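Novice: Dumping the structure here so I can ask a few things about it.
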Amino acid sequence: MSSRGLDARVEVRRGGFVLDAAVRAAPGEVLAVLGPNGSGKSTLLGAVAGLVPLAGGSIRLDDVVLDDASTGAFVEAAHRPVGFVFQDYRLFPHLSVLDNVAFSPRVRGRSRAEARAVAAGWLERLGLADLSRRRPHLLSGGQAQRVALGRALAGSPDLLLLDEPLSALDARTRLDVQAELRTHLAEFGGPSLLVTHDPLEALVLADRLVVLEGGRVVQEGSPAEVARRPATEYVARLVGLNLYAGTADADGVALEGGGRFVVPDHGERGEVLVALRPSAVTVSAQPPGPSSARNTWAATISGLTLLTDRVRLDLDGEPSCLVDITPAAVADLGLSAGQRVWLSAKAVDLEVYAR
Amino acid sequence: MTLDARERQRRASTGGASRRPPAPLLVPALVGVAFLVVPLLGLLVRAPWGDAWRILRESQASEALRLSLWTSSVATVIALVVGVPLAWLLARSSFPGLRLVRALVTLPLVLPPVVGGVALLLAFGRNGFLGRWLDEWFGLTIPFSPVAVVMAETFVAMPFLVVTVEGALRAANQGYEQAAATLGAGRMTVFRRVTLPMVAPSLAAGAVLCWARALGEFGATITFAGSFPGRTQTMPIAVYYALETDPDAAILLSLVLLLVSVAILVALRDRWLRGGTV
């Protein structure tokens, strides 16, 4: 079978930790690898780059075998056509910005003058031409990030790996650099693998998402799919949804943690997940009268957190729930921790899907 | 108690408490300083400044100094060529017996130099197990020659360089080397273009330390190379012999060595005199 792009099944063991994940990325596609700390995201990138050898599986790029544990084939990191942008950039402190970017073409055989010309071209494209003589320690975070990207691209790689490329930036710079990065990733012809733990970054930059937890892929799909129908508690929390596991019957779902949602016509049977937006839940201080909301249940407030423009209530009940309401509503209802309230949710706001 | 304006300013800006040292610390500290400085003052006070130039010329000091300078420089170059790869091996590779090798390499640091001289003599002397073959096959006789001086100095001084550079290699962030590898650099290129430049300050410090130790070498040199003026009599050995025959010359020669040492300290001031780490 012939295929362009990246095709990797990566198995790495480190102490008790096992990473066993398959990822594919087509040319021009940006694949975000999302996961909590210790999920194996960086190890996955390290394996693709050749910094970590495989214990099992194989890695192919445009049908060239880079690593294959079954045959023992292994291409050293230095000989892989891969550009790597590290989380901490790792710009060489003893080289100017220009020579940092010229490093890859130079060590891959170009003359010093040619390598510098290539580097100057990239710096121009990235809007960094004024900084070419500067040493890395004099760069701002955003500038260093761009230089790191330029250095990775200057080697004309066939595959781009980015390890949390924006995590070291402050919030304001991050948005600017993110927008630029999006442009450059779109221009890059090969597949890109972007590791991140920031769901927003993944949603903005990626064409497709792979969620890694405990060394395994738990979900894969378009950003919209993942955001709407999270497969695990972790993903649900990332995208800000309540998630419940349960068993579906004809007109509802019996939840594993206790409680039941009435959802007519959901079309699923057996083991399902139910996602519920925190802002779709209504809070009442008194038991509500008859209403269009099909689901009503009692709960106790265990915590209140002020988010920028709303208050997030942490509620214990069957089921437990996160609910977002306005600060004004909190004041009007006189809500405080330990208080008993009634929650209601419309059936249409409950997203039911197979596990 | 009062607090003057300057002290108020200092405490306000640096947040420090009083810097006045308590007597139990101050007194021994001053004794320590005196112990290190008084002998050097003795040199300066007793020096026959009036006849200095004549005495130095008559004492063959320039010959001894020239010999000392070039032998210690050659020893340093050898230490660099051999010692840096050795330091890399100790810091970055793993092989059975690595710890033993490291112990052996650092042994000359703690070994009395005269023992080193005896060992060199037993190995490379005319009847030594290597020296015998060198003599028979190539007609080479090493002991009591300038080559022996260089060997003795290298033996004693190289570990200073190896230890310094190895420490720097261990402390260096290997993330840069990984980055270089992903950019297409092979292992030797990584070493040349990334590793070496990053440990350059420690490399320089190690080389200076090694050179200074070689310059001051006495025990191993006199044992293995003897004391032939113009051939193997280095500055420290010249000082030692002059002390018996011409104390004024000994003092002046010592001052010359002191001057060289001070020059080294000045060269290294950024590293050590500002209280930083190596």
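Novice: Within the range B:83-110, which residues are at pLDDT 95 or above, hydrophobic (A, V, I, L, M, F, W, C) and within 16 Å of the chain's Cα centre (by Cα)?
Specialist: Within the range B:83-110, B:Val84 is the sole residue that qualifies.
Novice: Within the range A:281-311, can you find the residues that are surrounded by 17 or more Cβ atoms within 10 Å (Cβ to Cβ) and within 26 Å of the chain's Cα centre (by Cα)?
Specialist: Within the range A:281-311, A:Arg310, A:Val311 meet the criteria.
Novice: If you go through the range A:216-230 one residue at a time, how many are more than 15 Å from A:Ala32 (Cβ to Cβ) and buried (at least 18 other Cβ atoms within 10 Å of the Cβ)?
Specialist: Matching residues across the range A:216-230 total 1.
Novice: What are the residues in the range B:150-199 that are within 7 Å of chain A (Cβ to nearest Cβ), among the aliphatic types (A, V, I, L, M) and part of a loop (DSSP other than H, G, I, E, B), if any?
Specialist: Scanning the range B:150-199 gives B:Leu183, B:Ala185.
Novice: Something else about it: Select, from A:Val118, A:Val97, the only residue that is in contact (Cβ under 8 Å) with a residue 40 or more places away in the chain, more than 10 Å from chain B (Cβ to nearest Cβ) and under 13 Å from A:Gly150 (Cα atoms).
Specialist: Sole residue among the options that is in contact (Cβ under 8 Å) with a residue 40 or more places away in the chain, more than 10 Å from chain B (Cβ to nearest Cβ) and under 13 Å from A:Gly150 (Cα atoms): A:Val97.
Novice: Among B:Ala220, B:Ala204, which is the only one that is under 22 Å from the mean Cα position of the chain (by Cα), in a helix (DSSP H, G or I) and within 14 Å of chain A (Cβ to nearest Cβ)?
Specialist: Result: B:Ala204 is the single residue among B:Ala220, B:Ala204 that is under 22 Å from the mean Cα position of the chain (by Cα), in a helix (DSSP H, G or I) and within 14 Å of chain A (Cβ to nearest Cβ).
Novice: Within the range A:299-355, can you find the residues that are part of a helix (DSSP H, G or I) and touching a helix residue (DSSP H, G or I) at 6+ places or on another chain (Cβ under 8 Å)?
Specialist: A:Asp349
Novice: In the range A:39-82, which residues are loosely packed, with under 15 Cβ neighbours inside 10 Å and closer than 18 Å to A:Pro165 by Cα?
Specialist: Result: no residue meets the conditions.
Novice: A further question on this structure: Of B:Leu109, B:Leu100, B:Leu120, which residue is within 19 Å of B:Gly206 (Cβ to Cβ) and either assigned to a helix (DSSP H, G or I) or in contact with a strand residue (DSSP E or B) (Cβ under 6 Å, 6 or more places away or on another chain) (or both)?
Specialist: When all the criteria are applied, what remains is B:Leu109.
Novice: Additional query: Are any residues in the range B:223-259 in a helix (DSSP H, G or I), among the β-branched types (Val, Ile, Thr), touching a residue at least 40 places away in the same chain (Cβ under 8 Å) and under 16 Å from B:Ser62 (Cα atoms), and if so, which ones?
Specialist: B:Ile237, B:Ile251, B:Val256
Novice: Then there's this: Which is of a type outside the set (Lys, Arg) and not in a loop (DSSP other than H, G, I, E, B), of A:Ala275, A:Ala293?
Specialist: Only one candidate qualifies: A:Ala275.
Novice: Here is a check on your reading of the model: is B:Ala157 surrounded by 21 or more Cβ atoms within 10 Å (Cβ to Cβ), over 15 Å from B:Arg92 (Cα atoms) and either in contact (Cβ under 8 Å) with a residue 24 or more places away in the chain or of a type in the set (A, V, I, L, M, F, W, C) (or both)?
Specialist: Considered against the rule, which asks whether it is surrounded by 21 or more Cβ atoms within 10 Å (Cβ to Cβ), over 15 Å from B:Arg92 (Cα atoms) and either in contact (Cβ under 8 Å) with a residue 24 or more places away in the chain or of a type in the set (A, V, I, L, M, F, W, C) (or both), B:Ala157 comes out as yes.
Novice: In the range A:40-89, how many are assigned to a loop (DSSP other than H, G, I, E, B), among the hydrophobic types (A, V, I, L, M, F, W, C) and within 14 Å of another protein chain (Cβ to nearest Cβ)?
Specialist: Qualifying residue count, the range A:40-89: 4.
The values are calculated or read from the model by the stated rules, or taken from the named source; none is laboratory data. Since the model is a prediction, treat every value here as computed from it, not as a measurement. Positions of Cβ are generated from backbone atoms using ideal geometry, with glycine treated the same way; all protein chains shown enter the neighbour counts.
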